[in-house]
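Student: For reference, the structure I am asking about is given below.
Coordinate-derived values only; no laboratory data. The model shown is predicted, which means the values in this text are computed figures rather than measured ones. Every residue, glycine among them, receives a Cβ derived from its backbone with ideal geometry; neighbour counts consider all protein chains shown.
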Amino acid sequence: MNCFALCVLPVVALIAADGSWSQFRGPNGSGVDSSTGYPVEFSPTKNVVWKTAVPYAQSSPVVAGGRVYLTASEADKLLTICLDAKTGRELWRREIPRKKAQAIFRANDPASPTPVADENGIVAFFAEFGLVAYTAEGKDRWSVPLGPFKNFYGMAASPILAGDLLVQVCDQQSGSFLLAVDRKTGRQRWRTERPALDIGWATPMVFRPSEGPAQLIVLGSTRLDSYYLETGESRWWMPVASGGSLGTPVATGGTLLVSTAGSNEPFMPTFASVLTMYDKDHDGRLSQAEFKDDKEMGEHFGWIDENSDGFVTEAEWNKARSLGIGEYGAIALQPEKARGRLEPSSVRWRFKKNLPYIPAPLVYDGVYYMVRDGGIITSLDPATGRLLKEGRTREALGEYYASPVAADGKIFLTGGEGKITVLKASGEWEILSVNDLGEEVHATPALSEGRIYVRTRGVLYCFGAAH
């Protein structure tokens with residue numbers, strides 16, 4: 001076995017053994033749980049341990065200390081809700097006002113970031129408020145006001161806990177930054193500006209190389225960055241084309257894996273061609289009224305209009321047009337001793353087919369998985385990038401917002417229509433079942449102690465195998 005193969009062996013120490021699924025995609029954002037006994041088949045009438053009506057939001061549930069936490073919004077209130085993990089009974093809910101209410105893109109909502117929790121309580125991030133922490137009993141702990149943010153599509157990066165730090169990425173059209181505060185008090189420990197980064201929605205992860213201190217890995221709109229966890233100081237970076245960063249990187253041994261959807265060609269037409277079609281007053285720029293008839297791009301006007309003056313100039317158009325162009329794909333890196341800009345030799349392989357836009361990749365039992373719109377499933381060898389299998393889950397061909405998760409030899413793929421495909425985990429994966437919940441699902445399921453927690457538009461389900 002060569003050195004690289006050794007480096008991609010699973011890192012069991014990163015997988016929680018206490019039943020917690022404490023953040024977006026569980027332990028260190030890996031999407032992997034170590035428990036067994038997960039059901040293959042479930043529905044609103046089968047293998048339901050409990051179900052509880054909850055307000056709508058796209059944030060995912062998290063599980064810690066025998067509690068399930070989630071966030072939501074209702075009218076002018078931002079909600080944090082705590083349920084009993086065994087029964088689904090609501091233990092408490094807290095609300096704070098939407099003091100900085102902002103208009104956001106229709107596909108997002110005010111409570112899309114997933115909270116983070118441990119046995120001592122929960123921390124939630126609301127773009128219209130900032131960070132807020134409660135004890136496990138729902139008592140105020142601390143808060144850190146943040147914003148307002150300039151992000152046409154809204155904020156979605158989730159907070160993480162790393163030792164005694166609470167870390168939050170705030171990428172926006174200008175003024176992006178990475179923040180770390182003390183977990184117990186909310187006191188700022190460090191803040192690092194990210195001036196080269198634009199809007200993004202990726203959640204960071206902690207990378208612990210075999211030598212040297214822990215690092216935070218942050219996927220941005222145009223680059224992948226590493227920062228020292230304790231200080232926030234930049235360690236290394238590499239350019240990537242992501243067209244808007246989403247999901248979270250994953251690690252296995254000394255190897256980092258990240259997936260970005262990009263292109264070799266712009267997805268937008270030239271500014272000159274758009275002016276010819278829509279510039280009615282011939283002033284050399286586009287107003288929102290002129291551009292509204294473009295069904296493909298019209299609703300995204302606020303993203304292209306960077307200074308929010310109601311007009312799109314050639315410079316603004318070309319900046320938006322350039323995003324997503326460059327080095328992209330499913331990428332494996334070994335940056336153990338890297339400093340500054342990564343050398344090309346750090347990239348071990350790159351795969352450019354069947355790339356997801358929103359769902360993060362998954363590494364489980366020595367196989368790298370991706371799922372994308374249309375129910376397209378791809379498995380790769382994480383050591384070499386070699387294609388192992390590609391195919392579809394033909395009963396769940398819609399859009400995919402949730403990221404894949406895994407446990408007990410199974411992969412769970414959640415489609416936006418509420419159909420959850422269960423795979424037998426292997427390079428030559430097999431479909432075991434497709435479970436229809438009959439209601440749309442945007443949130444990534446949580447896995448804990450043989451239970452699957454799935455948030456639909458109006459219900460939180462807890463599924464478990466019958467005994």
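Student: Give the Cα extents of the range 391-467 along the principal axes, in whole Å, largest first.
Tutor: Cα spread of the range 391-467 along its principal axes, largest to smallest: 35, 31, 19 Å.
Student: For the chain, what is the calculated [θ] at 222 nm in deg cm²/dmol (nearest 500), taking -39500 (n - 2.57) for each run of four or more DSSP H residues and dividing by its residue count? Mind showing how you got there, number by number?
Tutor: On the way: 5 runs with 30 residues, N = 467.
For the chain, the value works out to -1500 deg cm²/dmol.
Student: Of the listed peptides 413-420, 97-104, 305-312, what is their order by residue-averaged count of other C-beta atoms within 10 Å, with the highest listed first?
Tutor: Details: 413-420: 22.0, 97-104: 14.4, 305-312: 16.5.
Order by mean packing, descending: 413-420, 305-312, 97-104.
Student: Based on the Cα atoms of the range 271-322, what semi-axes does the equivalent ellipsoid have, where each is the square root of 5 times one gyration tensor eigenvalue, given in whole Å with the largest first?
Tutor: Working: eigenvalues 40, 29, 24 Å².
Ellipsoid semi-axes (Å, largest first): 14, 12, 11.
Student: Assign unit charges at the C-beta atoms only (+1 for Lys and Arg, -1 for Asp and Glu), then state the dipole size of the chain relative to its Cα centre in Debye, rounded to the nearest 20. Spell out each step's value before the answer.
Tutor: Numbers: 49 positive and 54 negative charges, 185 e Å.
Roughly 880 debye for the chain.
Student: Excluding Leu70 itself, calculate the net charge of residues whose Cβ lies under 11 Å from the Cβ of Leu70, where each Lys or Arg counts +1 and each Asp or Glu counts -1.
Tutor: Working: positive: Arg67, Arg93, Arg455; negative: Glu90.
Counting the neighbours of Leu70, the net charge comes to +2.
Student: Please check which bits of the range 99-142 a label hung off Lys292 would reach, taking the label as a point 7 Å along Cα-to-C-beta and the cut-off as backbone N under 17 Å.
Tutor: 106
Student: Taking the simple approach of a point 7 Å from Cα along Cα-to-Cβ for both Ala53 and Glu395, what is their distance in nm?
Tutor: 2.9 nm
Student: Please give the charge dipole size of the range 271-322, origin at the Cα centre, charges +1 on K and R Cβ atoms and -1 on D and E Cβ atoms. Round to the nearest 20 debye. The partial results should precede the final answer.
Tutor: On the way: 6 positive and 13 negative charges, 27 e Å.
That gives a dipole near 140 debye.
Student: Rank-order 348-361, 133-146 by packing density, defined as the average count of other C-beta atoms within 10 Å over each peptide's residues, highest first.
Tutor: Working: 348-361: 19.1, 133-146: 16.0.
So the order, starting with the most tightly packed, is 348-361, 133-146.
Student: Kirkwood Rh, the range 78-129, all Cα pairs: how many Å? It would help to have the intermediate numbers written out before the result.
Tutor: Numbers: mean 1/r = 0.0792 Å⁻¹.
About 12.6 Å for the range 78-129.
Student: Calculate one ³J(HN,Hα) per residue across the range 24-39 by plugging θ = phi - 60° into the Karplus curve 6.51 cos²θ - 1.76 cosθ + 1.60, and present them in order as whole Hz with x for glycine and proline.
Tutor: 4, 6, x, x, 6, x, 6, x, 10, 10, 9, 6, 10, x, 6, x
Student: Another one. Provide the descending list of Cα extents for the range 103-234 along its principal axes, expressed in whole angstroms.
Tutor: Largest first, the range 103-234 extends 40, 38, 21 Å along its Cα principal axes.
Student: Estimate the FRET efficiency between Glu233 and Lys280 by the formula 1/(1 + (r/R0)^6), using the beta-carbon distance for r and 51 Å for R0, to the nearest 0.05. Each step should come with its number before you reach the end.
Tutor: On the way: r = 51 Å, r/R0 = 1.00.
Working from the Cβ atoms, E equals 0.50.
Student: Rg/Rh for the chain to two decimals, with Rh computed the Kirkwood way over all alpha-carbon pairs.
Tutor: Values: Rg = 21.5 Å, Rh = 22.6 Å.
Dividing the radius of gyration by the Kirkwood radius yields 0.95.
Student: What FRET efficiency, computed as 1/(1 + (r/R0)^6) with R0 = 30 Å and r the Cβ-Cβ distance, is obtained for Thr270 and Thr384, rounded to the nearest 0.05?
Tutor: Values: r = 39 Å, r/R0 = 1.30.
Working from the Cβ atoms, E equals 0.15.
Student: Give me a comma-separated list of calculated 3J(HN,Hα) values for the range 371-385, in order, Karplus coefficients 6.51, -1.76, 1.60 applied at θ = phi - 60°, integers in Hz, x for any Gly or Pro.
Tutor: Taking θ as phi minus 60°, the curve returns 10, 9, 3, x, x, 7, 10, 10, 10, 10, 7, x, 7, 10, x Hz for the range 371-385.
Student: Let me ask something additional. Taking the Cβ of each residue in Leu323, Leu178, Leu388 as the centre, tally the other Cβ atoms inside 10 Å and list the residues starting with the fewest. Please list the in-between numbers first.
Tutor: Working: Leu323 21, Leu178 24, Leu388 15.
The fewest-first ordering by Cβ neighbours comes to Leu388, Leu323, Leu178.
Student: So, how do all the Cα-to-Cα distances of the range 20-176 break down into 10 Å bins, in percent, from 0 on up?
Tutor: That works out to 10, 40, 35, 13, 2, in percent per bin.
Student: Shifting gears a bit: Taking the alpha carbon gyration tensor of the range 175-273, what are the square roots of 5 times its eigenvalues, largest first, to the nearest whole Å? Numbers along the way, then the final one.
Tutor: Working: eigenvalues 156, 61, 22 Å².
Computed over the range 175-273, the values are 28, 17, 11 Å.
Student: Here's a follow-up. Mind grabbing the base-10 log of I(q)/I(0) for the range 300-427 at q = 0.10, 0.19 Å⁻¹? Debye formula, identical points on the C-alpha positions, no solvent, two decimal places.
Tutor: Relative scattering, expressed as log10 I(q)/I(0), comes to -0.45, -1.02.
Student: Still on this structure: Can you sort Ser210, Ser174, Ser158 so the residue with the fewest Cβ neighbours within 10 Å comes first?
Tutor: Ser210, Ser174, Ser158
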